[in-house]
Amino acid sequence: MKLLANENIPAALIKSLRAAGHDVNWVSETSPGIADPQVIELAIREHRLLVTFDKDFGELAFRRSLPATCGVILLRLPMDDLTRLILMVVEVISSRDDWQGQFAVVEETRVRLRPLPSV
């Protein structure tokens, strides 16, 4: 899966997602310090799913009408246990193939999907 990880994603999670076979472009490596609208534009340009802890991307995704090749995965998980967080995120992302065109909220006990508006 082609992912764009926002700067707020821990390096250990990036490493684990890559080890699980995902193609991960990490903003911290490629474009540190870019603004949120630029992050969305990067996801659109590269046809990637944005993975973030930042709730602001929900509004941006709906306002920008992301194409069906993109989507947002908002992680609403505690960061107090990094090992547990990594296991949960890698498992959840790997468990589905219907992330494109969706705004997804990943919580400890559920995943909520909401279709993004069509372009």
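The values are calculated or read from the model by the stated rules, or taken from the named source; none is laboratory data. Given the structure is predicted, the values throughout are model-derived calculations rather than measurements. So basically every Cβ, Gly included, is an ideal-geometry build from the backbone, and we count neighbours across all protein chains shown. Please note that ligands, DNA and RNA were not included when accessible areas were found on the heavy atoms of the full protein model with its side chains. Shrake-Rupley method; radii C 1.70, N 1.55, O 1.52, S 1.80 Å.
Every residue, every condition in (1) modelled with pLDDT of 95 or more; (2) within 13 Å of the chain's Cα centre (by Cα); (3) open to solvent by less than 40 Å² (accessible area, probe 1.4 Å), yes or no:
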site: Ala5; (1), (2), (3): yes, yes, yes
site: Ile9; (1), (2), (3): yes, yes, yes
site: Val27; (1), (2), (3): yes, yes, yes
site: Pro37; (1), (2), (3): no, no, no
site: Lys55; (1), (2), (3): no, yes, no
site: Leu60; (1), (2), (3): no, no, yes
site: Arg63; (1), (2), (3): no, no, no
site: Met79; (1), (2), (3): no, no, no
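Looking at Glu41, is it exposed (fewer than 13 other Cβ atoms within 10 Å of the Cβ), free of Cβ contacts under 8 Å to residues at least 40 places away in the same chain, part of a helix (DSSP H, G or I) and among the charged types (D, E, K, R)? In short, no. The listed residues are Leu77, Leu4, and the only one of them that is closer than 22 Å to Thr109 by Cβ and without any contact (Cβ under 8 Å) to a residue 60 or more places away in the chain turns out to be Leu77. Screening Gly21 against (1) crowded, with 20+ Cβ neighbours inside 10 Å; (2) among the small types (Gly, Ala, Ser); (3) outside any strand (DSSP E or B) leaves a single unmet condition, (1).
For segment 86-106, state whether one or more residues are open to solvent by 90 Å² or more (accessible area, probe 1.4 Å), under 21 Å from Lys15 (Cβ atoms) and part of a loop (DSSP other than H, G, I, E, B). No: segment 86-106 contains no residue that is open to solvent by 90 Å² or more (accessible area, probe 1.4 Å), under 21 Å from Lys15 (Cβ atoms) and part of a loop (DSSP other than H, G, I, E, B).
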